[in-house]
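Below is one structure; the comments refer to it alone.
The values are calculated or read from the model by the stated rules, or taken from the named source; none is laboratory data. This is a predicted model, so every value here is computed, not measured. For neighbour counting, all protein chains shown are included, and Cβ atoms are generated from backbone atoms with ideal geometry for every residue, glycine included.
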Amino acid sequence: MTGRAGKPRNILLVWLIWPLITLGVYHFVWYYKVNREARDFDQRIEVNPAYAVLAVLVGWLVIVPPFVSVYNTGQRIAEMQKSAGMQPSCNPWIGLILMIIAGLHALYYQHELNQIWTRYRNPAEGQQVPLAV
């Protein structure tokens, strides 16, 4: 079984620089891409990236959806780590807590994703990679 590799990204650019330059828009683009990468990496991971973004973008109107979406994204990254043959180190609870602290979940989640791409020796984005499980 194979999956498509995602893109390694600089964690400081993802968390601080690009969102500042784009007045926050980049965060939602990044969030979409991360959830799309989870789906493309392992077809067993079910996620609609557009719904994930809507949950964090407008879900604040009913308070709960952004927290559920960020937690679920952390779970997806842990599943990706398992699929890559790694011991899962991404903890969705840490991501949720870091979300409350200056949106640090983006920095944490991208770091965890970069570990997956490093395991595959930084393949080109979209390149087919073997899954361990």
- request: May I ask you to verify whether residue 43 is modelled with pLDDT of 95 or more, among the polar types (S, T, N, Q) and within 13 Å of the chain's Cα centre (by Cα)?
  value: no
message: So, in segment 82-97, exactly how many residues are part of a helix (DSSP H, G or I) and either more than 12 Å from residue 111 (Cβ to Cβ) or over 14 Å from the mean Cα position of the chain (by Cα) (or both)?
response: 6
statement: By residue number, the members of segment 37-53 that are farther than 14 Å from residue 71 by Cα, assigned to a loop (DSSP other than H, G, I, E, B) and in contact with a Lys or Arg (Cβ under 6 Å, 6 or more places away or on another chain) are 45
task: Return yes when residue 65 is farther than 16 Å from residue 99 by Cβ and surrounded by 17 or more Cβ atoms within 10 Å (Cβ to Cβ) and no when it is not.
output: no
- line: Here the residues within segment 62-77 that are under 10 Å from the mean Cα position of the chain (by Cα) and either of a type in the set (A, V, I, L, M) or farther than 16 Å from residue 110 by Cα (or both) are 70, 77
First in segment 3-24 and farther than 17 Å from residue 102 by Cβ, second anywhere and part of a strand (DSSP E or B), Cβ under 8 Å, 6 or more apart: 3/128; 3/129; 4/128; 4/129; 5/128; 5/129
